[in-house]
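In what follows, a single structure is set out as structure tokens and then discussed.
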Amino acid sequence: MPKRLTVTPERCSGCKTCEIACSIKHFKVINPKKSAIRVMVLYPNPIIRMPIMCGQCKKPKCAEVCRKGAIKKDENGVILIHAEECVGCQMCVKACPFGAIYLHESLDTPFKCDLCGGDPECVKVCANGALHFVPEHIFGQDHRMSNVLSYMNMKEMEYTLQGEKKQLRYAEIGDKKNDD
Amino acid sequence: MEIRQAGYDCLVITGRAPELSYLWIDNDQVSIVPFPKLKGKSALDTERLVREHLGDHTVSMAVIGPAGENLVRFACINVDWGRNAGRTGMGAVLGSKNIKAIAIRGSNDLPVHDLNRLVQVSQKAYDYLRNHDLFTFWQKVGLMSVIDYANEQGFMPTYNFRDGVFDKSHKLNADEMINQGHKINDSACFACPMSCGNVCVVKNGKYAGTAVEGPEYETVAMLGSNLGIDDYAAVIKGNQLCDELGIDTISTGNLIGVIMEAYQSGLLTIEDLDNKPIEWGNAEAALDLMHRISNREGIGNVIADGTQGLLKKYPQLERIISHVKGLEQSAYDGRGSMAMALAYGTSDIGAHHTRAWPIAQELEKGDWTHEKRADLVIYHQTLRPLFDMLGVCRLPWIELKLDEHCYAEMYSAVTGKEATLDDLLEKSKHIYNLTRLIGVKHGLTRQHDYPPQRMTQDAVQTGKLQGCKIDLEEYEKLLDIYYQKRGWDKKGIPPKGKY
């Protein structure tokens, strides 16, 4: 089951420790400008901090525009830039709808998130729980759950279990309407 | 971080730009860009306009507001929205140079001698912090936790430092911030997992739409309880206004408190105050006064010159201005702690807790001698500035008890120069002595090392420390011992030729 990186922006504190971890992992240096994840910090209006990194698109625009075929999907669906085939034309940087491919003035080729080979460092250092590395099928589950939990027509009953007050919520069909 | 990545440890700006400009540092390219359009702009508008001018949203910025341009003596330098070089009027220094903003882009690798070692030490410190029992609590409330603590201990500045307990502090504390939905997010400094900052928004009422990175303990105490204001939304508004105008919330709250007391006790007349009454708890009047300080209008023009300016025009205020060496006292009432009085009295910059904050330790357990107090203050005055020298925060050490020795380990890993904590403290002590000597050169002597008059003359009115004030005779003894331990003479002057 392929795992993917995902973000809960409202949890991000803007500390950018993820950027440090990324640059250490990939370039053996401390340099947020060489990180494949970047925290965009916007204020005072709107107020949001959002880490931007590659979502490993199923139909990657970056690969589509690459004239050299240097951008390929590996067996886990991770999009990789093969530096030896890349000429540094920067088309992919402009083509990415999320701005998740990066350039640095000291490097000849662009770089992007490779999920650290399946164990992303950024997630490990995120102390606010804004970054997650989860199987693809989990995506959207939070929203599905909260959608269900906030269903308006739930019934509630209170009961006591071993002296402790509890509550049961349930959806009840009620008087069956004849709607056919 | 940007500045370090651009390749600089610090900036020295000499001279003055002919017209209002911003300093643009793009790695090794440095230019002074005239931009008169910035005149009178708020700090945040300045950030936005310069970023637009440069066409780069991600440059890091240090800016001043209109108060800095107008040379308000407690104007601050705002850095990337929320963080300020708040005290001692550095914003006015920048303003005097016609520099409205410093914009920096740095893209170099950080020079690190031994990356593996640094990662190892950092990982250890990081794991310690994240596994600390108070870690999530700290992320949730940060320094706002100090409100309840200070009030319980009885050293919360209240009604211009007259009292140490604010009976409406529950309307200003962390619970109020969370329960009223003011806090919308955590905020962290670069590379810090603790994220002690809070982003607050006022969602309804007359201050609706106000957003600020903060407020934190000092701001809430100085713009809240110290002014008798019990409305958290009003404090958020005050914080935002101070940020926009570019004035220090501590000095601002301190001096507005003085004006409120002076007006109500008759030390200043309504005419002195441009016929605008300002009573305890009057948030609107306080906000209005902030504008007038920043624009140097009427009484605002006098307050804008800080304690020194106010005392020059109204010497009768000496009795009620809490200051040391002309710097307005920060939000810890030291009347119950001789060590805190000594910390304020002997701090090189004046009545601020940055150099030493021994009050918690002294109030925690008894059995304090002057020897122990002096030792503690000197240890703080040595260790705490060391954090500033290293360019790191002291809060992991203070709040979550991170072992201070790890900083020496990090220093060694980064620089390649082996140093123990003691080695670094020795350097720090040396610098403290040098700083003292600079002061001495400019006339600093024993008479400047005393706590504010209020601390020695008016006792705390209520709470745990009721009746406490600093006994001057005892303070003299403590000061003698402090000087002796420092190796300074009776006037507080370091020996000749040693440093």
Could you list, in sequence order, the residues of segment B:212-227 that are of a type in the set (Ser, Thr, Tyr) and within 15 Å of B:Gln240 (Cβ to Cβ)? B:Thr219
Tell me which residues, restricted to segment B:340-385, are under 21 Å from the mean Cα position of the chain (by Cα), small (Gly, Ala, Ser) and not in a helix (DSSP H, G or I). B:Ser347, B:Gly350, B:Ala351, B:Ala356
Selection within segment B:203-223 - within 14 Å of chain A (Cβ to nearest Cβ) and either out of contact with any Cys (no Cβ under 9 Å at 6 or more places or on another chain) or part of a loop (DSSP other than H, G, I, E, B) (or both): B:Lys203, B:Ala208, B:Gly209, B:Thr210, B:Gly214
Of all residues in segment B:366-412, which are crowded, with 18+ Cβ neighbours inside 10 Å, out of contact with any helix residue (DSSP H, G or I) (no Cβ under 7 Å at 6 or more places or on another chain) and more than 23 Å from B:Met338 (Cβ to Cβ)? B:Phe387, B:Ser412
Determine the pairs where a residue that is at the interface with chain A (Cβ under 10 Å from one of its Cβ atoms) and closer than 15 Å to B:Cys393 by Cβ, located within segment B:126-143, has a partner that is surrounded by 15 or more Cβ atoms within 10 Å (Cβ to Cβ) and among the acidic types (Asp, Glu) with Cβ atoms under 7 Å apart, the partner being 6 or more residues away or on another chain. B:Gln139/B:Asp186
Within segment B:48-68, tally of residues that are touching a Lys or Arg at 6+ places or on another chain (Cβ under 8 Å) and surrounded by fewer than 16 Cβ atoms within 10 Å (Cβ to Cβ): 3
Going through A:Val7, A:Val41 one at a time, which residue ends up being away from every other protein chain (no Cβ under 12 Å), aliphatic (A, V, I, L, M), on the phi < 0 side of the Ramachandran plot and surrounded by 16 or more Cβ atoms within 10 Å (Cβ to Cβ)? A:Val7
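Considering each of B:Leu255, B:Leu241, B:Leu267, B:Leu273 in turn, give the residue that is part of a helix (DSSP H, G or I) and either within 14 Å of chain A (Cβ to nearest Cβ) or more than 22 Å from the chain's Cα centre (by Cα) (or both).
B:Leu241
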Have a look at A:Ile20, A:Ile79, A:Ile71, A:Ile101 and point out the one that is within 30 Å of B:Gln139 (Cβ to Cβ) and of a type outside the set (Gly, Ala, Ser). A:Ile20
Here is a list: A:His132, A:His104. Which entry is under 20 Å from A:Lys25 (Cβ atoms) and more than 14 Å from every other protein chain (Cβ to nearest Cβ)? A:His132
The number of residues in segment B:201-219 that are more than 13 Å from the chain's Cα centre (by Cα) and within 20 Å of B:Met156 (Cβ to Cβ) is 1
Which members of segment B:8-31 meet the condition of being in contact with a Phe, Trp or Tyr (Cβ under 9 Å, 6 or more places away or on another chain) and touching a residue at least 60 places away in the same chain (Cβ under 8 Å)? B:Glu19, B:Leu20, B:Ser21, B:Tyr22, B:Ile25
Qualifying position, being in contact (Cβ under 8 Å) with a residue 12 or more places away in the chain, closer than 16 Å to B:Ile256 by Cα, buried (at least 17 other Cβ atoms within 10 Å of the Cβ) and touching an Asp or Glu at 6+ places or on another chain (Cβ under 8 Å), among B:Gly345, B:Gly306, B:Gly326, B:Gly298: B:Gly306
Could you tell me whether any residue of segment A:49-63 is in a loop (DSSP other than H, G, I, E, B), within 14 Å of chain B (Cβ to nearest Cβ) and either at negative phi or within 14 Å of the chain's Cα centre (by Cα) (or both)? no
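Out of segment A:133-156, which residues are more than 30 Å from A:Gln56 (Cα to Cα) and either at pLDDT 95 or above or small (Gly, Ala, Ser) (or both)?
A:Ser150
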Could you check A:Phe98 against (1) without any contact (Cβ under 8 Å) to a residue 12 or more places away in the chain; (2) of a type in the set (Phe, Trp, Tyr); (3) more than 18 Å from A:Val123 (Cα to Cα) and say which number it fails? (1)
I need a count of the residues in segment B:46-80 that are under 26 Å from the mean Cα position of the chain (by Cα), assigned to a helix (DSSP H, G or I), touching a residue at least 40 places away in the same chain (Cβ under 8 Å) and within 12 Å of chain A (Cβ to nearest Cβ). 1
Condition first: within 18 Å of the chain's Cα centre (by Cα) and facing chain B (nearest Cβ under 7 Å). Now tell me which residues in segment A:10-38 satisfy that. A:Glu10, A:Ser13, A:Gly14, A:Cys15, A:Lys16, A:Thr17, A:Ile20
If we keep just the residues of segment B:81-109 that are at pLDDT below 95 and within 14 Å of another protein chain (Cβ to nearest Cβ), which is nearest to B:Ile349 (Cα to Cα)? B:Arg83
Quickly run through segment B:413-432 and pick out the residues that are in a helix (DSSP H, G or I), polar (S, T, N, Q) and either more than 27 Å from the chain's Cα centre (by Cα) or under 28 Å from A:Val29 (Cα atoms) (or both). B:Thr415
Can you find even one residue in segment B:456-467 that is free of Cβ contacts under 8 Å to residues at least 60 places away in the same chain, of a type in the set (Val, Ile, Thr) and outside any helix (DSSP H, G or I)? no
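The values are calculated or read from the model by the stated rules, or taken from the named source; none is laboratory data. Predicted model, so just to flag it, every value in this text is computed and none were measured. Note that each Cβ is placed from the backbone with ideal geometry, even for glycine, and that neighbours are counted across all protein chains shown.
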